[in-house]
1. In region 46-123, what trypsin sites (Lys or Arg not before Pro) fall in a loop by DSSP, with at most 13 other Cβ atoms inside 10 Å?
2. In region 157-232, how does Rg compare with the Kirkwood Rh, expressed as the Rg/Rh ratio over alpha carbon atoms?
3. Run the simple label-point estimate for Ala45 and His196 please: 7 Å along Cα→C-beta, distance reported in nm.
4. With a length cut of 20 Å (Cα positions projected on each helix's long axis) and a Kyte-Doolittle mean of at least 1.6, go through the chain and give me the DSSP H helices that pass.
5. If you average the C-alpha positions of region 96-175 and of region 1-76 separately, how far apart do those two centres end up, in angstrom?
6. If you build the convex hull over the alpha carbons only and average its shadow over all orientations, what do you get for region 7-151? Give it in nm² to one decimal.
7. Give me Rg over Rh for the chain, both radii from the alpha carbons and Rh done the Kirkwood way, two decimal places.
8. If you wrap a convex hull around the C-alpha atoms of region 73-214 and split its volume per residue, what is the figure in Å³?
Amino acid sequence: MTQRFELASSLARGVENRNGAWSFVQGFAAHWAGALESGDGWAEADLVAAEKRLGVPLPTALREAYLLFGRRRDLTGNHDVLLGPAELYVDDADQALVFRHENQGAASWGILLDNLRDDDPAVVIRPDLADKGAERWEEWLERLSLCFVEIVLSESLHADEGLCDFLDPDDDSIALLEENAARLPFPACPIGEEDHAIRWFLGRDVLLRDDDGTAILARGRTAEDLDRFRDLIPGDWLNGHL
């Protein structure tokens with residue numbers, strides 16, 4: 001008999017270290033998307049070529065993630081864009097190695113060049129502002145492996161419309177979310193925004209993200225799971241009519 005994947009407890013272990021993060025990704029993929037296979041990662045030669053082109057080392061955590069599941073777009077690219085090894089670049093200010101873009105170019109995620117030799121360095125984010133002079137790298141998560149867990153969770157919320165939905169919540173919606181789902185053990189991001197952070201919840205086979213009360217995103221393991229949870233939080237769900 002296949003052992004059931006316990007998302008909350010696996011995530012709790014996943015935030016502890018790199019090995020826990022990759023174990024979580026493997027378990028989550030197997031039970032919510034599709035089990036990882038040998039061809040889901042980039043080849044070592046692709047990473048070596050990227051280092052040679054860039055003239056900088058790739059951190060261990062970045063290499064491990066790319067080798068394990070870097071080519072799985074359903075885990076890394078349903079909404080925002082994880083750059084492939086040949087697309088990695090150093091920003092114009094020579095401050096950070098950029099590895100991810102927001103889908104409309106509103107932000108980029110990177111690793112400060114000074115931290116590239118760390119095994120699991122902190123991740124920074126830079127908004128794309130109209131006032132280019134105001135753009136700067138800001139703290140996002142304290143470890144790259146945490147960021148990849150967040151990537152997999154977030155991208156899962158933008159999969160098939162029959163499994164995913166979006167709600168513009170009111171105060172009652174947030175209260176019902178907290179009443180009907182359990183808070184998941186994932187650190188606040190951006191760093192230092194504990195009172196205004198992205199929060200993760202788990203209902204009955206439904207993964208949920210609260211974006212500081214401005215949006216609730218939901219992903220059910222099945223369409224029936226999602227329907228059941230939408231009944232618990234009435235509102236104008238974007239895909240509720242599907």
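1. Details: sites: Lys52, Arg53, Arg63, Arg71, Arg72, Arg73, Arg100, Arg117; in loops: Arg71, Arg72, Arg117.
Those that pass, being in a loop and sparsely packed, are Arg117.
2. 0.96
3. Calculated label separation equals 4.9 nm.
4. Numbers: long enough: 18-32 (21 Å, -0.19).
TM-like helix candidates: nothing returned.
5. When both Cα centres are located, 17 Å separates them.
6. Details: hull surface 34.0 nm².
With the hull built on Cα positions only, its mean projection is 8.5 nm².
7. Working: Rg = 18.1 Å, Rh = 18.7 Å.
My calculation of the ratio gives 0.97.
8. Numbers: hull volume 19.4 nm³, N = 142.
Expressed per residue, the convex hull around the Cα atoms of region 73-214 is 137 Å³.
Where a number appears in this text, it was derived from the coordinates with a stated rule and is not lab data. What you see is a predicted model, and the numbers here were worked out from it, not measured in a lab. All Cβ positions, even for glycine, are placed from backbone atoms using ideal geometry, and neighbour counts span all protein chains on display.
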